[in-house]
Every structure is written in C-alpha cells, then in structure tokens.
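Student: Okay, here's the structure, questions in a sec.
Bear in mind that the values in this text are calculations on the coordinates, not laboratory data. Please read these numbers as outputs of a predicted model, since none were measured by experiment. Here the Cβ is made from the backbone with ideal geometry for all residues, glycine too, and neighbour counts use every protein chain on show.
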Ligand SMILES: [Zn+2]
C-alpha cells in the first residue's frame, strides 16, 4: 500500500517537471514571433498555474503592467535601467547585475 503511494507521488513529480519543461519551451517559442498582449497574458497564466518561474531573458521581454512587448524610453540610473513602457506609460526597473 505504502509503496504504491510512493510510486504515484514520484510519477506525478516527474510529470510535473515534464509539463513545466513543455510549457517553458512553448513560451520561449512564442516570444520568438512577436506575441500579442493576449498571448503573453495567457503564457504568464499558464506558467503561474504550474508554479513555473520564467527565465530572466523572457521576463525582460514584456511589460509586467500591461503584458505588451517591452519597448519605450530607456533611461539609465546609477544602479538600474528604467524603461518607460510605450503602451501603458509605467516604468520597469531592471537592476544591473554586478
Ligand atoms: Zn506597459
């Protein structure tokens, strides 16, 4: 009885890892072909559902306020880059890595 529980538990973790990997690849692919706001929103939702933290290269590509691709005025501050989103006008701060 106990072994079967153990096995099913292990399998589900393995499935979860596979699922996360699949979703991550889907999202990476999506970001290569100029995704729309809606697509980015759905991708983030999907990642959130499986508790997947998006890699930094992907997280830097979109505005976290309005989910559009991040572009706009860039200003440099002492320890960070500040980008003002051209869609919603909000700021994204990117710290410089030392
Ligand atoms: Zn925005």
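Student: Length gain on complete extension for the stretch residue 29 to residue 73, per 0.36 nm per residue less the alpha carbon to alpha carbon distance?
Tutor: Values: separation 44, 0.36 × 44 = 15.84 nm, distance 2.63 nm.
My answer for the length gained is 13.2 nm.
Student: Please give the contour-minus-distance gain from residue 81 to residue 37: 0.36 nm per residue of separation, less the Cα-Cα distance, rounded to one decimal in nm. Write down the numbers at each step before the final one.
Tutor: Numbers: separation 44, 0.36 × 44 = 15.84 nm, distance 2.28 nm.
Full extension of this stretch gives 13.6 nm more.
Student: For the residue pair residue 93 and residue 60, what label-to-label distance in nm results when each label sits 7 Å from Cα along the Cα-to-beta-carbon direction?
Tutor: Here the modelled spin labels are 1.8 nm apart.
Student: Compute the distribution of all C-alpha to C-alpha distances in the chain, in bins of 10 Å from 0, and list the percent of pairs in each, rounded to whole numbers.
Tutor: Calculated over all Cα pairs of the chain, the distribution is 14, 36, 26, 14, 7, 3, 0 percent.
Student: Moving on to the next point. Provide 92, 10 in ascending order of the number of other Cβ atoms located within 10 Å of each residue's Cβ, fewest first. Present the calculation step by step, with values, prior to reporting the outcome.
Tutor: Details: 92 19, 10 10.
Arranged by neighbour count, lowest to highest, 92, 10 become 10, 92.
Student: Report, in whole Å, the centroid distance computed from the Cα atoms of segment 26-45 and segment 52-98.
Tutor: 16 Å
Student: Hey, another quick one. Please give the helix 2-32 orientation as an angle from the longest Cα principal axis of the chain, in degrees from 0 to 90, rounded to the nearest 10.
Tutor: In the chain, helix 2-32 runs at an angle near 30 degrees to the longest axis.
Student: What value, in deg cm²/dmol to 500, does the helix sum -39500 (n - 2.57) over DSSP H runs of n ≥ 4 give at 222 nm once divided by the residues of the chain? Working shown, then result.
Tutor: Numbers: 3 runs with 48 residues, N = 98.
Helices in the chain give a 222 nm mean residue ellipticity of -16000 deg cm²/dmol.
Student: Can you give the angle from 0 to 90° between the axis of helix 37-49 and the longest principal axis of the chain, with both taken from C-alpha atoms, to the nearest 10?
Tutor: 40 degrees
Student: Sequence gap at least 6, Cα distance under 8 Å: using those rules, report the relative contact order of the chain to the nearest whole percent.
Tutor: Values: 86 pairs, mean separation 16.7, N = 98.
Relative CO of the chain lands at 17 percent.
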